[in-house]
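Student: Let me give you the structure first, and then I'll get to my questions.
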Amino acid sequence: MKSLVGWLLVVFGGLAMLAALVVAGQYAGAKLFVQLQDLPASIVGVWTLLDYWEAYGHIGKVRLALLPASFVAALVPLLPLVVVALSFAIKRPKRELHGSARFAKRNEIRKAGLLDEAEGRVKKGRRHYPSIIVGRLPSGKPGRPDYSPRYLTFIGQQFVMLAAPTRSGKGVAVVIPNLLTYPDSIIVLDIKGENYDVTSQYRKNCGQAVYRWAPFDESGFTHAWNPLVKIAKLPPHIRIGRLQMIAARLYHSPDARNKFFYDSAADLFLGVALYLMETKKEEAWTFGEVLREAVPIRPDVTLRAHVIDMMERDRDGEPLSGDCLGALARLLSAPDETMGNISKTFMAGLTLFANPIVDAATSRCDFDVADVRRVPMSIYLVLPAAKLSIAGLLANLFFTQWIEDNLDELPEANPELKYQCLGILDEAPAVGKIEILDKANAFIAGYSIRLLTILQSKSQGEAPDAYGVHGMRTLVTNHALKVIYPPRDTHDSKEMSETLGYLTEKAKSTSRTRGRSSSSGENTSDQKRNLMYAQELEIMPQSEEMILGVGLPIHCEKAFYYEDRLFIDRLRSVCSLLGEVGDKKLPTEAELTEARVSGQLRYQGIEIIKIAEIHAKRSARIAAAVRASRQAGASPITAKERLALDQAVPSGFSLQKVREQMLDSLFAIGEPIDDDLRRMFADAIAGNTGIALGMGLVGPDSTASEAPAGHAADSGRQGNVTEHAPAGAPTTTEAYHHE
């Protein structure tokens, strides 16, 4: 009741003031009129102007005096109202005591530019950069005919970061929608291979060159990528720097105390890589060959001796380059006692390439990551989740090479660089710290390189083996837009609640006193409240998200691809199974799974790498080299070792010597006996008598064809020892028997 009376008093008071202003305006206008017409002041009144307009308004001179007088009469009551309105217009917004945080309204989202594409307001006349889908605003309800979501898209060159707990829908709500809509080049870290299985055929049909690099795919369904091939074909003065950059990634020590060993291992990598590029053919320009060439085959050969032997070789009569010899010479300057640690450090950086599958997937180069700005390309880096602990090096090397190869030229300086490339780093901290991203994330956007970084939480990137606290802070700062899914960790929830800010709420308290003179009263005070408390964030529906970085925070929905015909129709265009569902019906989860498993959504035009065949040939070649090195580098056999061998298993060589000695000793007995003995030995060795010598071996006077069946191969091996060995060649226990 009291509030109603108060409002009535305000209304009547306002009307009374307005009436007074109108009367004052009429008097002021009449005063001006009588002065202009030299009339007596006694005629001034409230109705003076109105009376003269009616009586003399048609007379020109009178009308000229009435016009300014009427303007003054109208201005007097309006001027205070204009002043009050202007004061409210220019008045600063009230600063609440505890803050005024709130979520953005639709018109504010529109002003931020996130609805430009959805509402067809993209500016023309300048270069149009692709957009990244970050969420959606609903219009109607999913499944109803009137449902038409407005997708929130972030246009430009700036980065986007998504913080999403595991199994929260980041793949189906962010990655796949962007793979189905992003028109320019794209590189995606595909942890489970699902992104390739769902979107690759559609992107191929859109005219993109599609590549799948899966260095751990045991079936060989992968393209190959090897940056050394491109580097080897560069001019020598450029080649050195590129190899040093790769060596720095392979041999980077966070501990300064181990810097010497890592630098020496980098020199060994540089020297061996240059040696292969200068002396071998293209198939030898691989990481696996660098590992095999740098490690001595024989365990008794030291690394120093092996490196010296490499330096003494040449390339078709021409000496090795000074760069190659210099890198190897720097290694040799290390003391002998450190060579073992250097060798272990070197092998640790390349041990991954001893895996035959990885070795085959890096044996050639099917695509060049430097072309992503020249032609539209889609590159899927498929790494199984179980291999992330050891595959991080490959992913780190790949993304580093992608960024470095595209920082040589600005798009403004070369009209051929007309495409932007989006890098989707799913589970980004799992690949380790990408050094160039840590140092260059502030300016790489100008080179048409864009990032969509996905992680589980900010704390995941703050780990010491990732970017650290300060590095992660810089990385987050350089991502203009942040998409936040409902957190599950209490620490993340509290941090997110603090980020959203506070608002001021009016709180009323009522007090009453009882007694002889009872009374009651109300007190209103400002109270501080989080825009969303931590527990409110944790119980948010999993279909919702928040967007930060474009003014006020935005509370919106996730853009699930399977809930919208925009995405499903694109998949229908390449999959007949989805076409059978019907144009007006969205497929079920089972139908989508069936379509994915069928392989119709997956680009199949990849030449299978025959990993088993490649490995068998390489293994046989290495085994032959090991055997040859063991024979060539063997020491002469001693008499004691030969006697022990003859006692264990008599050889053809020993029988030959015994025969010669016996014949020489019996020569004095007589010629007939000598002939008989000769015939007896020949028949025994040839197997024509009942004498069992237990060997079945051919003597030096016999041929391989005279050996009994089943022993020809053995006689060939023994014969090689005695007859075909080069003069003066050393023999060993192994070479003596030719194991």
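Student: If I histogram all Cα-Cα distances within region 16-90 using bins 5 Å wide from 0, what percent of pairs lands in each bin?
Tutor: Histogram of Cα-Cα distances, whole percents per bin: 3, 17, 24, 21, 13, 9, 6, 4, 2.
Student: Same structure again: Residues in region 341-365, backbone N under 16 Å from the label point at Ile622 (7 Å along the Cα-to-beta-carbon vector): list them, ranges by number please.
Tutor: Within reach of a label on Ile622: 347-363.
Student: Do any of Lys433/Lys482; Lys230/Lys610; Lys111/Lys433 go past 26 Å between their Cα atoms, and which?
Tutor: Too far apart for the 26 Å limit: Lys111/Lys433.
Student: For region 407-505, take the alpha-carbon Rg, divide it by the Kirkwood Rh, and send me Rg/Rh.
Tutor: That ratio is 1.06, to two decimals.
Student: Of Asp465, Asp263, how do they rank once you tally other Cβ atoms within 10 Å and put the fewest first?
Tutor: Asp465, Asp263
Student: Based on a Kirkwood Rh over C-alpha pairs, give the Stokes-Einstein translational diffusion coefficient of region 342-447 at 4 °C and viscosity 1.567 mPa s in µm²/s. Don't jump to the answer; show the numbers that get you there.
Tutor: Numbers: Rh = 15.6 Å.
Using the Kirkwood radius from Cα pairs, D works out to 83 µm²/s.
Student: Output the peptides 197-208, 291-302 sorted from most to least packed, where packing is the average of other Cβ atoms within 10 Å over each peptide's residues.
Tutor: Top to bottom by mean Cβ count within 10 Å: 197-208, 291-302.
Student: What nm distance separates the two modelled labels at Arg257 and Lys281, each placed 7 Å from Cα along Cα→Cβ?
Tutor: With each label point 7 Å from Cα toward Cβ, the separation is 4.9 nm.
Student: Then there is this: Provide the gained length on full extension for the span Leu407 to Ala55, in nm with one decimal, where the gain is 0.36 nm per separating residue minus the Cα-Cα distance.
Tutor: Between Leu407 and Ala55, full extension yields an extra 118.2 nm.
Student: Full-extension gain between Asn523 and Ile43, please, as 0.36 nm times their residue separation minus the C-alpha to C-alpha distance.
Tutor: 167.1 nm
Since every read-out is calculated from the coordinates, none of them should be taken as a lab result. All of these numbers come straight from a predicted model, not from anything done at the bench. Neighbour counts are summed over all protein chains in view; Cβ atoms, including those assigned to glycine, are modelled from backbone coordinates with ideal geometry.
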